[in-house]
Amino acid sequence: MSLNNYLLFILLMLVIYFDVTKRKIPNFLTFPVMLWGLLSYTIIGRFDGFLFSLYGLLLGIVILLIPFAFGAMGGGDVKLLGAIGALKGASFILVAAIYTAIFGGIIALLYLACKGRLLVTLKKGAGFVFRPFFTSLYYTFNKPVFNNIALYFDTSQVLEREKPLYFPYGVPIALGTILALIKGVTIF
């Protein structure tokens with residue numbers, strides 16, 4: 001196991017601790033790892049090594065940028081995936097991101113179920129598709145049954161009363177990255 005893999009494993013363990021206990025992934029964890037990745041690959045592989053690390057860093061950030069822009073992800077999560085990319089490169093970060101999404105979905109479903117909000121969340125998600133569809137059918141055919149179905153998917157009053165849930169996404173990122181390491185994705 002290379003030095004970068006040990007560093008990555010230590011980073012992931014610290015991220016799990018900080019994200020679960022402090023609800024934050026501090027910059028003092030991610031920024032030095034980004035810098036180390038860029039410097040170590042530049043020393044080893046010169047300009048090609050620098051590009052390898054830079055592409056991983058940028059891809060890691062880009063993958064989570066849209067969820068971050070919509071408030072579904074914290075900035076620490078984005079920087080964490082960038083730091084992982086700086087250490088392991090773009091091809092690794094793609095595999096780790098896929099595993100992360102799988103772990104994130106499973107953990108989110110379990111978390112919502114434990115908090116008693118799984119059904120209302122699923123209903124809200126279905127409402128994004130079904131409510132406009134049945135509303136348009138109601139206005140097209142003027143049949144009240146379509147309006148009743150559309151109103152069934154209205155969860156705005158229920159969700160307004162609920163406090164937002166905090167989901168430490170650093171945990172699925174860490175688990176997805178560890179699985180990618182175990183699977184042995186080829187690297188630089």
### Query
If you take the square roots of the eigenvalues of the alpha-carbon gyration tensor of the stretch 112-155 and sort them as a ≥ b ≥ c, do you get rounded (a/c under 1.5), prolate (a/b over b/c) or oblate?
prolate
### Task
Tell me which residues come under 5 Å, amide H to amide H, from residue 24 once H is placed; ignore anything under 5 positions away on its chain.
19
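Sort the stretch 59-113 into rounded, prolate or oblate with this rule: let a ≥ b ≥ c be the square roots of the eigenvalues of the Cα gyration tensor; rounded if a/c is under 1.5, and if a/c is not under 1.5, prolate when a/b is larger than b/c, oblate otherwise.
oblate
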### Task
Multiply the residue separation of residue 110 and residue 148 by 0.36 nm, subtract the distance between their alpha-carbon atoms, and state the gained length in nm to one decimal.
10.6 nm
### Query
Hey, what's the chain come to in accessible area per residue, 1.4 Å probe, Å²?
59
### Message
Using each residue's phi in the stretch 94-109, evaluate 6.51 cos²θ - 1.76 cosθ + 1.60 at θ = phi - 60° and report the 3J(HN,Hα) Karplus result to the nearest Hz, with x for Gly and Pro.
### Response
5, 5, 4, 5, 5, 4, 4, 4, 5, 4, x, x, 5, 5, 5, 4
### Per-residue ³J(HN,Hα) for the stretch 15-32, Karplus 6.51 cos²θ - 1.76 cosθ + 1.60, θ = phi - 60°, Hz, x for Gly and Pro
4, 4, 4, 5, 5, 6, 8, 9, 6, 7, 9, x, 4, 5, 8, 7, 4, x
### Binned Cα-Cα distance frequencies in the stretch 74-154 - 10 Å width, integer %
16, 26, 22, 21, 12, 3
### Summary
Relative to the compact-globule estimate 2.2 N^0.38 Å (N residues), the Cα gyration radius of the stretch 33-132 stands at a ratio of 1.37
### Task
With everything on Cα atoms, drop me the angle between helix 118-141 and the longest principal axis of the chain, reported from 0 to 90° to the nearest 10.
50
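In the calculated pair distance distribution of the chain, what percentage of Cα-Cα distances lie above 23 Å?
In whole percent, the share of Cα-Cα pairs in the chain beyond 23 Å is 50.
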### Message
For a 29 Å ceiling on Cα separation, which of these pairs sit above it: 88/124; 115/183; 143/163; 24/163; 22/163; 24/115?
### Response
88/124; 115/183; 143/163
### Message
Taking a ≥ b ≥ c as the square roots of the Cα gyration tensor eigenvalues, with a/c under 1.5 meaning rounded and otherwise prolate when a/b beats b/c, else oblate, which class fits the stretch 6-86?
### Response
oblate
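The values are calculated or read from the model by the stated rules, or taken from the named source; none is laboratory data. The structure displayed is predicted, hence computed values, not measured ones. These area figures cover heavy atoms from the full protein model, side chains too; ligands, DNA and RNA do not enter into them. Shrake-Rupley method; radii C 1.70, N 1.55, O 1.52, S 1.80 Å.
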